[in-house]
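Scroll down for the structure; my scribbles are underneath it.
The values are calculated or read from the model by the stated rules, or taken from the named source; none is laboratory data. What you see is a predicted model, and the numbers here were worked out from it, not measured in a lab. Here the Cβ positions follow ideal geometry from the backbone for every residue, glycine too, while neighbour counts run over all protein chains shown.
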Amino acid sequence: MNNESQKPYFIELMSSIDKEKSKFNVFPSDEKIFECLKYSSPEKLKLIIIGQDP
């Protein structure tokens, strides 16, 4: 995770999240945002993103 956190895409992602947090309630909390990685590797992770816009 430390190597990824130094990459430009990750820095931009965290900046975007910080901007959203200044306007809205964002969950999970900072200390739990990557907690899922403690329980499963990213290679095994499957997820569905449900949003308003296609």
Cβ-Cβ under 9 Å, sequence separation 6+ or interchain: first residue in segment 24-35 and closer than 18 Å to S5 by Cβ, partner surrounded by fewer than 10 Cβ atoms within 10 Å (Cβ to Cβ) and not aromatic (F, W, Y). Which pairs?
F34/M1
It is to be established whether one or more residues within segment 40-48 are under 14 Å from the mean Cα position of the chain (by Cα), at pLDDT below 90, surrounded by 11 or more Cβ atoms within 10 Å (Cβ to Cβ) and not in a helix (DSSP H, G or I).
no
Find the residue count for segment 24-39, including only residues that are at pLDDT below 85 and surrounded by fewer than 10 Cβ atoms within 10 Å (Cβ to Cβ).
0
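Residue under question is K21, and the condition is that it be modelled with pLDDT of 90 or more, of a type in the set (K, R) and over 12 Å from the mean Cα position of the chain (by Cα); does it hold? Can you show your working first?
Details: modelled with pLDDT of 90 or more: yes; of a type in the set (K, R): yes; over 12 Å from the mean Cα position of the chain (by Cα): yes.
So K21 passes the test.
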Report the residue count in segment 24-39 for those that are within 11 Å of the chain's Cα centre (by Cα), assigned to a helix (DSSP H, G or I) and acidic (D, E).
1
